[in-house]
1. How many residues are touching a helix residue (DSSP H, G or I) at 6+ places or on another chain (Cβ under 6 Å) and either assigned to a loop (DSSP other than H, G, I, E, B) or over 28 Å from Ile226 (Cα atoms) (or both) if we restrict to region 96-120?
2. Mind checking which residues of region 424-454 are surrounded by fewer than 19 Cβ atoms within 10 Å (Cβ to Cβ) and farther than 29 Å from Ala389 by Cα?
3. Take Leu85 and tell me if it is in contact with a Ser or Thr (Cβ under 8 Å, 6 or more places away or on another chain) and hydrophobic (A, V, I, L, M, F, W, C).
4. Are any of the residues in region 463-471 among the acidic types (Asp, Glu) and either in contact with a Cys (Cβ under 6 Å, 6 or more places away or on another chain) or open to solvent by less than 60 Å² (accessible area, probe 1.4 Å) (or both)?
5. Do we have Ser402 as free of Cβ contacts under 8 Å to residues at least 12 places away in the same chain, open to solvent by 40 Å² or more (accessible area, probe 1.4 Å) and farther than 25 Å from Leu192 by Cα here?
6. State which residue pairs qualify: first residue aliphatic (A, V, I, L, M) and inside region 289-318, second residue in a helix (DSSP H, G or I) and open to solvent by 10 Å² or more (accessible area, probe 1.4 Å) in any location, beta carbons under 6 Å apart, and separation of 6 or more residues or different chains.
7. Checking the condition buried (at least 22 other Cβ atoms within 10 Å of the Cβ) and more than 24 Å from Ser474 (Cβ to Cβ), which residue from Thr265, Thr210, Thr251, Thr199 passes?
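The values are calculated or read from the model by the stated rules, or taken from the named source; none is laboratory data. Here the structure is a predicted model, which is why all the values come from computation and not from measurement. Cβ: placed from backbone, ideal geometry, glycine included. Neighbour counts: every protein chain shown. To get the accessible areas, we keep the full protein, side chains included, count just its heavy atoms, and leave off ligands, DNA and RNA. Shrake-Rupley method; radii C 1.70, N 1.55, O 1.52, S 1.80 Å.
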Amino acid sequence: MNIVVVGLPDTAVKESRDRVTTAVANSGFRFMVGRTTINLAPADLRKEGPSFDLPIALGLLAASEQIEPAAGLLDHLMIVGELALTGAVRPVKGILSIALQAKAAGMRGLLVPAENAREAAVVSGLDVIPIRNLREAAMFLEGQQPLDPVRLDPTALFQLPVDNEIDLADVKGQESVKRALEVAAAGGHNLLLIGPPGTGKSMIARRLATLLPPLTLDEALETTRIHSVAGLLKAGQGLVVERPFRAPHHTASDAGLLGGNVQPTPGEISLAHHGVLFLDELPEFKRGVLETLRQPLEEGRVTISRAAGSMTFPAQFMLIAAMNPTPDGKMPAESRSSPREIERYLGRISGPLLDRIDLHVEVPAVKFAEMSRARPGESSATVRARVIAAREIQHRRFAGRSVRCNARMGSRELRQFVTLDESTAGLLRTAMTDLNLSARAYDRILKVSRTLADLSGRDAVIAEDVMEAIQYRSLDRQLWG
């Protein structure tokens, strides 16, 4: 049998000819005689991946009259899956997106590899049929082997027990840093931790995700779609129900962080969507890599353009970064590094990137008395309850808007929801002058002030809120001057 695939297929699709013919033979069907042309429409859209194997094989069997699908069945059925040479059906990436598209196209059913069934079943109103091999799929289409659709209640997945291995109570001392972590979680603000090695910066950063509110169903669907396309879902996993925490190494390239390669694929910042992106040893990242963060931090999305096409991925994440204040890890007044070495080290982080980080916090060395204290601090659950309460205030405030938290407020929301009395405005004006802060830093102070008021349950932003928010902007001016 001579099979030709047209319609701009990539290499994986072209190779489906060999997989399909071998799988058909090993499943007990006969070869078609002569030349067969398979047209993948539309012809100007590039076709990628092995997910076309199963529909091509079933199409060939139907065209050669080796199977007779029930009348009208194929009109409302979408089929997807990779074929092994034995005829077994293998899982593919991006099933959730395919299921959503099937529902949008008015399909009633979806034939998917059995390992992908739970993921696709998250989409309500669609009969998801799990398929294990080509013969089983053929018998189902003919009505000889009924298969029950997979049912899944997405809300039940959120009731599963949460891993409590990481808890804020494990952190000894560092009360001011914990406060900043709570503020960041409450308003969705970006956070920079600066301190000597061994002070617990990484330990604290990894506990930020335990303070964030649980994902909503819409957020979980968006996050799952990204992880599905990247092939990061575990076998049988239906939905990502916990906020992602991504911590790329400082040797990561811009393609690894933004996404890309030959075909546009999600990078670390998109995999952290609705979660946390942790960059440890921030100055060790290449400056060009760090500069690519500026647009996603501002717009909440990233657009990747390659020769194969252009793709936009969502990237609404919280950035938490950690760094030493000098090359040798000590504060500048105690460092043995020369002023030029310190300047070159700090210069790896640009001013515009710093301006997009709302809170800059010093992490001092922990005193022995605090380390040896037996009584644990507040647990993540206790702090999380306050964070959730503050986020609920923001949800009511921004109802009907695209803004979800204070950190995402635009100039219009700032004017409407952050009003200062004359004395508080004068205090902020003085700080702007003395610290030589930028206009972007001014907006960040207002946003953090709004979050501090929300944590206190107050409608109005008062002077104490502004003073604490200013404090979170002063450290970088001491270092970067």
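1. Of the residues in that region, 2 qualify.
2. Selection gives Gly426, Arg429, Thr430, Met432, Thr433, Asp434, Leu435, Asn436, Ser438, Ala439.
3. Judged against the criteria, Leu85 is a match.
4. yes
5. yes
6. Val289/Asp254; Val302/Leu258
7. Thr210
The rows are residues; the columns are (1) assigned to a loop (DSSP other than H, G, I, E, B); (2) in contact with an Asp or Glu (Cβ under 7 Å, 6 or more places away or on another chain); (3) without any contact (Cβ under 8 Å) to a residue 12 or more places away in the chain.
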site: Gln159; (1), (2), (3): yes, no, yes
site: Gly173; (1), (2), (3): yes, yes, no
site: Glu182; (1), (2), (3): no, no, no
site: Leu192; (1), (2), (3): no, no, no
site: Pro197; (1), (2), (3): yes, no, no
site: Met203; (1), (2), (3): no, no, no
site: Ile226; (1), (2), (3): no, no, no
site: Gly231; (1), (2), (3): yes, no, no
